[in-house]
There are 2 protein chains.
Amino acid sequence: MQLAAFRRATDPAGTRRTGLVVGDRSAWWLHAFPDGTDLIALLAADPAEREAAADAAARSDGLAPADVVLLPPVYPVAMRDFLTFESHVEGVGKGMQGAPKVPDEWYAAPSFLFMAPHAVTGPYDDVAMPPDTDRLDFELELAAVICRDVRNVTPEQARDAIGGYLVMNDWSARDVQGREMKLGLGPSKGKDFATTIGPWVVTTDELDDCRDADGFLDLEMTVKVNDVRVGGDRSAHMGWSFEHLVSYASRASWVKAGEVLASGTCGGGALAESWGRSGLLTPPPLREGDVVEMTVERVGTIRNRVVAATEQVPSIVPARRRVPEGV
Amino acid sequence: MQLAAFRRATDPAGTRRTGLVVGDRSAWWLHAFPDGTDLIALLAADPAEREAAADAAARSDGLAPADVVLLPPVYPVAMRDFLTFESHVEGVGKGMQGAPKVPDEWYAAPSFLFMAPHAVTGPYDDVAMPPDTDRLDFELELAAVICRDVRNVTPEQARDAIGGYLVMNDWSARDVQGREMKLGLGPSKGKDFATTIGPWVVTTDELDDCRDADGFLDLEMTVKVNDVRVGGDRSAHMGWSFEHLVSYASRASWVKAGEVLASGTCGGGALAESWGRSGLLTPPPLREGDVVEMTVERVGTIRNRVVAATEQVPSIVPARRRVPEGV
């Protein structure tokens, strides 16, 4: 089942609603659930109940893509970004951190960071050029939507907490991020201007036939810039399954319904990886007018145009110093 | 005004309520606001309205500390931890990162990370020893509670978005954190088991007389372990004011009502700083039974005992490798 959040194109108030999506990228339409239907609650529902709700919704008239604006399927209560693709770590490490190899610590456990939760944008929304960057980049990721609160769960127990999957573009200003990461806190302003998620949530049961022998989802992931393929990978190249990620995150800590847990950038899923491997800025950083399209097989496609910044940002104020300069 | 979240000690359902706190650490009592009163909404209210609500609440019978359990004043919609104390950066840098000096990037902008938002615990709650650590530490911080959604605000405009302040202990497992930080993402599991906030929110107007010439709050901060002072600082030693932090975070991004923005560890506000400066594990890492007490002048005191772990955590699964070992 494919579940979307949307507003009617003609609704000036822009009420957020939940819809059942029928079809795929080439031809789809949408049936609205009753007002107030919560997408996360549908994911958590018993499958038979969810099917009954979908059957009822499907009896209403379908809405065409032109009739609706797709919204981020979830406004996450928290969003975690893991680092699960070994070849991405290896490629980016060569550039940004001058690391000769993948650190031993990478293999030991699936590390993650908490992302800016308010930055999510809809699957076809324009993305404004963020401030202070000459190196705008994308990150192609697959992400899981959590539908149940869990704590201290095994990977087997974690499976029930994953309601479905969506595609993520974790837009990144590499120059801003590079400066931030020198302080050891990870990136923040380098990534907090936009995170595209969508186009909808594909429920876990739809992907049961896409798992490899170890239970890892094995889906083709592709990114195009201006309709030219620039990178991609297979999700089975993750070092851990999503069930492993949930289990690890849940150790002595809550993972809650409405969270989004992302795979991290797949191999070839960011320009920075090419920059790291070659030492050159080719392909070039994203520019205004560029269109970035990401597809994960069986999950969907998100497509976004980079547009000019429209916001006036406040100045950055340097620190009031305590330790005299030169110490 | 001091606003607390609490439950009645005798209420088995543990309904979360908002209360007006009268008095200070040595002697306080609490008057309940009507059921359903939202603490963040009170912070955002017009001061005259807030005063009227407080006057009405104060006519009800006061509850003694023994009658209530204080809860985290807010369950944050997001929580950001900055790195604003230069001497902490300098001290910790010596140990954890082998850095000879404060990086230039620190002075340029107030960097931050997003914290685990579901880890907040009440001001007097016990904290269970987290898994995998022999180096449990505390971090003494002052934090602002946001009461209005803002984006692209100047420091002057940011002031209205800060509803009040509270004390924070950002508990940290330094060995776990150290391993994570080698991957450049910042800490996550090293800090996601507990973040103590409280004891209540002191509204911004209460601290108007505590600002220095540049408008920085100047409050004494102290941390004791087992009733012995082990560190402290003054909040005016931050490199930026809280208004600066909100302004910076709001650049091309939302800072929302219900967020908590923390100063980062003050100078001397963590054992790791001593460990970094001396190269020795003295004072020793926290052990079961230790009581950590933090006080920020005019804001309040939080006090927590470290207790034995009670949770069975799932095993950590290492990565399924793609790049052959030795590459």
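Observations
- Of the beta bridges in the protein assembly as shown, as assigned by DSSP with both residues counted there, near 90 percent are antiparallel.
- Zone residues, the stretch B:175-216, relative to B:Ala48, backbone N less than 20 Å from point 7 Å out along Cα-to-Cβ: B:204-206
- Neighbouring partner chain Cβ atoms per residue of B:242-254, average, 10 Å criterion: 6
- Positive-end residue of A:Val292, B:Ser253, A:Val74, charge dipole of the protein assembly as shown with Cβ unit charges: A:Val292
- Comparing mean-square fluctuations of A:Glu311, A:Glu180, A:Glu86 from a GNM of chain A with C-alpha springs under 10 Å, the top value falls on A:Glu311.
- Counting Cβ atoms of other protein chains within 10 Å of each residue's Cβ and taking the mean over peptide B:101-110 gives 5.
- Out-of-range pairs (alpha-carbon distance over 27 Å; input A:Lys191/B:Lys189; A:Lys256/B:Lys189; A:Lys94/A:Lys191; A:Lys224/B:Lys191): A:Lys224/B:Lys191
- Among B:Asp209, B:Asp55, B:Asp104: highest mean-square fluctuation, GNM of chain B, C-alpha pairs under 10 Å: B:Asp104
- Sorting A:292-298, B:272-278, A:281-287, A:138-144 by their mean Cβ neighbour count within 10 Å, with the most densely packed peptide first, gives A:138-144, A:292-298, B:272-278, A:281-287.
- Rounded to the nearest 500, the 222 nm mean residue ellipticity of the protein assembly as shown from helices alone is -5000 deg cm²/dmol, with -39,500 (n - 2.57) taken per DSSP H run of at least 4 residues.
- For the peptide B:185-197, the mean number of other protein chain Cβ atoms found within 10 angstrom of a residue's Cβ is 5.
- From phi via Karplus (6.51, -1.76, 1.60), per-residue ³J(HN,Hα) for the stretch B:108-116 in Hz, x at Gly/Pro: 6, 6, x, 5, 8, 10, 7, 9, 5
- Choice from B:Val299, B:Val225, B:Val120 with maximal GNM fluctuation in chain B (Cα, 10 Å cutoff): B:Val225
- The distance between label points at A:Leu280 and B:Ala58 comes to 7.3 nm (points 7 Å beyond Cα on the Cα→Cβ vector).
- Highest average first, the peptides B:252-262, A:195-205 ordered by how many other beta carbon atoms sit within 10 Å of their residues are A:195-205, B:252-262.
- Extension gain for A:Trp29 to A:Arg151 (0.36 nm times residue separation, less C-alpha to C-alpha distance): 40.2 nm.
- Length available on full extension from A:Asp175 to A:Ala213: 0.36 nm per residue minus the Cα-Cα distance, which gives 9.7 nm.
- Normalised by the number of residues in chain B, the mean separation of alpha-carbon contacts (under 8 Å, six or more apart) gives a relative contact order of 23 percent.
- Net charge, B:Trp28 excluded, C-beta distance under 15 Å - Lys, Arg +1, Asp, Glu -1: -1
No lab work stands behind these numbers, since they all come straight from the coordinates. Nothing here was measured: the structure is a model prediction, and the numbers come from that model. So basically every Cβ, Gly included, is an ideal-geometry build from the backbone, and we count neighbours across all protein chains shown.
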